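What follows is a set of notes on a single structure, which appears directly below.
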2 protein chains.
Amino acid sequence: MADRSTIYEVARRSGVSTATVSRVMADGTGFSAATRERVKATAAELSWVPSGSARGLAARRTGIVGLIFPDLGQSGDAEEESPLYVDQVIRGAERAATSAGDAVLIAATSTASGRDLAFSVAGKVDGLVILARSLPDDDIVALSRSVPVVLLATNLARSGPDFVGPDFVGADNRGGSRAMTAHLIAVHGHTDLAFLAGPAGSPDSEERFAGFCAALRDAGLPEPAAPAATGSFTEAGGEQAVRELIATGRRPGAIVCGNDEMALGALTALRAAELRVPADVAVTGFDDIAAARRARPALSTVRQPMRELGECSVRLLLSRIAAADTARKSVVLPTELVTRRSCSCASRAVSGPSGRSPG
Amino acid sequence: MADRSTIYEVARRSGVSTATVSRVMADGTGFSAATRERVKATAAELSWVPSGSARGLAARRTGIVGLIFPDLGQSGDAEEESPLYVDQVIRGAERAATSAGDAVLIAATSTASGRDLAFSVAGKVDGLVILARSLPDDDIVALSRSVPVVLLATNLARSGPDFVGPDFVGADNRGGSRAMTAHLIAVHGHTDLAFLAGPAGSPDSEERFAGFCAALRDAGLPEPAAPAATGSFTEAGGEQAVRELIATGRRPGAIVCGNDEMALGALTALRAAELRVPADVAVTGFDDIAAARRARPALSTVRQPMRELGECSVRLLLSRIAAADTARKSVVLPTELVTRRSCSCASRAVSGPSGRSPG
DNA sequence: GCATCCAACGTAAGCGGTTACGTAGGTAAC
DNA sequence: GTTACCTACGTAACCGCTTACGTTGGATGC
């Protein structure tokens, strides 16, 4: 509690200068073993902890990285255990940071306070990891002008000629979607597949659609020019999109959805239309949120390695902080196929890496 | 990236002094609207964010609170989604901090690095919330000498005459256990109940045992002098303890376990002994970890309000930071009874607050 | 018309470390 | 016995803010 003692006090009592105390505390060199012990003893005796603020100021390095994530499930998840999606990322980030001697500052952006919060955090850290859907692109661009930023699982839409965006870490959307689609074709014999896209302009959705198309091409099936339907990345969006699809008279054998929420909505719409899943139509998602496993039927999906994404993004951020003026990097982590009932699989999980590529 | 500009640069370009810039950025008073806009514009133009370190140094307040938690499930939870226990606390802490304008720094202590990590964090924050099982008591005492500390869901064993421990926030162990035991007696008619205690000296275990005894007393049943068995707070501990209990020839109608892990172990031991749960013997846990719901039979247990605990501990910490020299506080939050198959209940969840009391 | 008061600033002394640079004393080389 | 060099420190100039205190100029009171 008595946070009163300073490096001066410790130096005085140890009979050395503040420089020496500083060197000892930083595990540096330039002092004898005896001096080291004396200083450490004095510090312990005074229960002195060097001030992070003073250190940060003088050394121009706080030793803190910030993680900004969207505050999903503000309400309504009293019953539902909230998607541990974000939690895994947090844990991964913490682990990577700690093992590098840094700490992680977390902040959830509720749409209201997002901008101010983010800027407040930006001042306290050496760099920022920004998770998808935390902030509008403009704010991200603004932030990245005052502090190193790594984007996680999202990418800036704007890619002008000389615009160099922040570093990026994400999962292999294309490969995962391609693997899932190939699975539906090769294992379950589907030939009439429909893709349910997320909001227009979403890089995630576009990449997943590209993977879907690639798998069709691979199998020699006709490749659609555009997704069969489009909606927002929500249950309501998926339900709506499938309802409209059905209304057009289309009856695909399988529906590949842009994400799990949409797939969940798709299940609802299909049930309402008295179509059985997977007997009449197979449904797949993307992300493997907690609800996917609990859906009836359990949802086949593509899992993103959340913890690894968290770790990876912090590592990338730290390397960027250490070397500011190197080329922009982007890292793509492999996804994992999770096959459950909704695609007619009985097995628990067939896993397989989907690919890995530089950006 | 160009984190170059300082308050001096902003002041110069705005034609004011640094004091005015500072006042504007802190949303203070003592400047005209015109000045305010000019400064804000300049700041945005330079994409300047005030340095948290410099602010912290000058104002003696970082605006950061630290949360220290144990790094459970380092390995082996590839299949198991790790108990979201801690994650809920983190989210709660984040919410409370953010709404007070602060941020949360998180750090997981793996037994190896615990001490150093904690002290490193202590220097960067205004105060610390320390979750149960993160650190040995000695380290907690040491930390609390250099920074305000709130203990979460654990309490220091040592309570010497003039020893004033840190503030404390926890769930109503006694009330929760009492309610569960009363449920077993009143609803399911049990009269021969056994308590499976955690490690000796654990305040949690002791309080839960006390609640167990109180319920027996309430019902006019004989009250044991000591728990029927004792083990560590793990599955192995619970399994072992029940095996030994059975070996003595004892066949209680219900086993009230010190926590969920022990209860899970108990299920295993009972199965091995060919005793059916709940037909032959009822089993209950404490905590409501994720695995409790998925156990066969699903485990009846007592849920701690993790998110609320996180929120509450941060709020308490912030009030302590604001007013250092007030009496030690302790807050006890009510628990919730969660009845599932393992106590013969079919219903999903019967909830009820268990009590609330000052310390 | 003059004292009073207040809003709107400016001045400058820290806050508690880090670190470039300087120095003393001892050792090795020749 | 010098010179050169290295280890183990000390000196002091920052790092970029906050804030107590001082100042100014116009409005107000009488």
Exercise. Only one of these conditions is not met by A:S134: (1) at pLDDT below 85; (2) within 14 Å of chain B (Cβ to nearest Cβ); (3) closer than 20 Å to A:L309 by Cβ. Which number is it?
Worked result: (1)
Exercise. Would the range B:196-206 turn up any residue that is open to solvent by less than 30 Å² (accessible area, probe 1.4 Å) and in a loop (DSSP other than H, G, I, E, B)?
Worked result: yes
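B:S5: outside any helix (DSSP H, G or I), more than 8 Å from DNA strand D (Cβ to nearest atom) and either under 19 Å from A:I140 (Cα atoms) or open to solvent by less than 30 Å² (accessible area, probe 1.4 Å) (or both), yes or no?
Values: outside any helix (DSSP H, G or I): yes; more than 8 Å from DNA strand D (Cβ to nearest atom): no; either under 19 Å from A:I140 (Cα atoms) or open to solvent by less than 30 Å² (accessible area, probe 1.4 Å) (or both): yes.
No; evaluated as a whole, the condition is false for this residue.
Identify all residues within the range A:12-30 that are without any contact (Cβ under 8 Å) to a residue 12 or more places away in the chain and near DNA strand D (Cβ under 8 Å from one of its atoms); write none if there are none.
Narrowing the range A:12-30 to residues without any contact (Cβ under 8 Å) to a residue 12 or more places away in the chain: A:12, A:17-19, A:23, A:26-30.
Selection gives A:S17, A:T18, A:A19, A:R23, A:T29, A:G30.
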Seminar exercise, completed: Going through (1) surrounded by 17 or more Cβ atoms within 10 Å (Cβ to Cβ); (2) at pLDDT below 95; (3) not acidic (D, E) one by one, A:G285 fails only at (2)
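Please list, ordered by residue number, the strands (runs of 3 or more DSSP E) wholly in the range B:87-152 having 1 or more residues that are hydroxyl-bearing (S, T, Y).
Once the strands (runs of 3 or more DSSP E) in the range B:87-152 are filtered for at least 1 residues that are hydroxyl-bearing (S, T, Y), what remains is B:103-109.
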Exercise. So which residues in the range B:36-62 are part of a helix (DSSP H, G or I), over 29 Å from B:L318 (Cβ atoms) and either within 7 Å of DNA strand D (Cβ to nearest atom) or open to solvent by 20 Å² or more (accessible area, probe 1.4 Å) (or both), if there are any at all?
Worked result: B:E37, B:R38, B:A41, B:A44, B:E45
Exercise. In the range A:109-131, which residue that is in contact with a Leu (Cβ under 8 Å, 6 or more places away or on another chain) and farther than 19 Å from A:G63 by Cα is modelled with the lowest pLDDT?
Worked result: A:G114
Exercise. Exactly one of (1) in the same structural domain as A:I68 (by TED's automatic domain parsing); (2) out of contact with any Asp or Glu (no Cβ under 6 Å at 6 or more places or on another chain) is unmet by A:L316. Its number?
Worked result: (2)
Seminar exercise, completed: Checked against (1) out of contact with any strand residue (DSSP E or B) (no Cβ under 8 Å at 6 or more places or on another chain); (2) within 15 Å of B:A197 (Cβ to Cβ), B:V256 satisfies every condition except (1)
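Condition check ((1) within 11 Å of DNA strand C (Cβ to nearest atom); (2) within 14 Å of another protein chain (Cβ to nearest Cβ)) across all residues:
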| position | (1), (2) |
| --- | --- |
| A:R4 | yes, yes |
| A:R13 | no, no |
| A:G30 | yes, no |
| A:E37 | no, no |
| A:A41 | no, yes |
| A:W48 | yes, yes |
| A:A59 | yes, yes |
| A:G63 | yes, yes |
Exercise. Right, B:A78: more than 20 Å from A:V125 (Cβ to Cβ), more than 22 Å from the chain's Cα centre (by Cα), at pLDDT below 95 and more than 16 Å from DNA strand C (Cβ to nearest atom) or not?
Worked result: yes
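Based on what the data block shows, is A:L105 more than 19 Å from B:L46 (Cβ to Cβ) and away from every other protein chain (no Cβ under 11 Å)? Before the answer, list the steps.
On the way: more than 19 Å from B:L46 (Cβ to Cβ): yes; away from every other protein chain (no Cβ under 11 Å): no.
Criteria not met by A:L105.
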For this session: Give the residues of the range B:8-35 that are part of a helix (DSSP H, G or I) and either of a type in the set (K, R) or surrounded by fewer than 12 Cβ atoms within 10 Å (Cβ to Cβ) (or both), sorted by residue number.
Result: B:Y8, B:R12, B:R13, B:R23, B:A33, B:A34
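The values are calculated or read from the model by the stated rules, or taken from the named source; none is laboratory data. In this text the structure is predicted, and so the values were computed from the model without any measurement. All Cβ positions, even for glycine, are placed from backbone atoms using ideal geometry, and neighbour counts span all protein chains on display. Keep in mind that these areas ignore ligands, DNA and RNA; they rest on the heavy atoms of the full protein, side chains included. Shrake-Rupley method; radii C 1.70, N 1.55, O 1.52, S 1.80 Å.
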